[in-house]
Amino acid sequence: QVQLVESGGGLVQAGGSLRLSCAASGSIFSIYAMGWYRQGPGKQRELVARITSGGSAVYADSVKGRFSISRDNAKNTVYLQMNSLKPEDTAVYYCNANRNVFNYWGQGTQVTVSS
């Protein structure tokens, strides 16, 4: 069992930056692939970025070059650095931990980007 707690969301103007954090507890953090997903108003949840246990990262096309995912296994934490934010980035951002059939979610943190 893994517990995930996100933080760092908020209100920011377009062009600004935010850094999301997701603290994990309850299991061996380093063995899990970690991801950030988001769900905007009236939209389905979508993958934003994902980082494997080995540190390889993938990004949604819409955030490439603007967002960066990283992990600190010593702190059991995964980060999402978001730069050049756009109004269309407005969403609830969820942290995810995945390994084989095991899949865990945080409660989400709201990011609102004003134009």
Point to revise | Subset of region 26-35 that is under 29 Å from Thr90 (Cβ atoms) and of a type outside the set (A, V, I, L, M, F, W, C) - its residue that is surrounded by the most Cβ atoms within 10 Å (Cβ to Cβ) | key: Tyr32
**Study point:** Of residues in region 56-80 being in contact (Cβ under 8 Å) with a residue 12 or more places away in the chain, part of a loop (DSSP other than H, G, I, E, B) and polar (S, T, N, Q), the one most open to solvent (accessible area, probe 1.4 Å)
**Key:** Asn73
Check your understanding: For region 84-101, what are the residues that are of a type outside the set (A, V, I, L, M, F, W, C), open to solvent by 10 Å² or more (accessible area, probe 1.4 Å) and not in a strand (DSSP E or B)?
Key -> Ser84, Lys86, Pro87, Glu88, Thr90, Asn100
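For region 47-55, state whether one or more residues are assigned to a loop (DSSP other than H, G, I, E, B), surrounded by 14 or more Cβ atoms within 10 Å (Cβ to Cβ), touching a strand residue (DSSP E or B) at 6+ places or on another chain (Cβ under 9 Å) and on the phi > 0 side of the Ramachandran plot.
no
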Practice item. Under 7 Å between Cβ atoms, at least 6 apart or on separate chains: pull out the pairs that start in region 28-55 with a residue that is within 15 Å of Trp105 (Cβ to Cβ) and end on any residue that is open to solvent by 80 Å² or more (accessible area, probe 1.4 Å) and at pLDDT below 95. Key: Tyr32/Arg99; Ala33/Arg99
Check your understanding: Do you know which of the residues in region 102-115 that are closer than 18 Å to Gln44 by Cβ and either in a strand (DSSP E or B) or of a type in the set (A, V, I, L, M) (or both) is least open to solvent (accessible area, probe 1.4 Å)?
Key -> Val111
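Rundown of residues vs (1) among the acidic types (Asp, Glu); (2) surrounded by fewer than 17 Cβ atoms within 10 Å (Cβ to Cβ); (3) not in a loop (DSSP other than H, G, I, E, B), yes/no style:
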{"residue": "Gln1", "(1), (2), (3)": "no, yes, no"}
{"residue": "Val5", "(1), (2), (3)": "no, yes, yes"}
{"residue": "Leu11", "(1), (2), (3)": "no, yes, yes"}
{"residue": "Gly16", "(1), (2), (3)": "no, yes, no"}
{"residue": "Arg19", "(1), (2), (3)": "no, yes, yes"}
{"residue": "Ala24", "(1), (2), (3)": "no, no, yes"}
{"residue": "Tyr37", "(1), (2), (3)": "no, no, yes"}
{"residue": "Pro41", "(1), (2), (3)": "no, yes, no"}
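The values are calculated or read from the model by the stated rules, or taken from the named source; none is laboratory data. Remember, predicted model here, so these are calculated numbers, not experimental data. Using ideal geometry, Cβ is built from the backbone for each residue, glycine included, and neighbour counts are taken over all protein chains shown. Please note that ligands, DNA and RNA were not included when accessible areas were found on the heavy atoms of the full protein model with its side chains. Shrake-Rupley method; radii C 1.70, N 1.55, O 1.52, S 1.80 Å.
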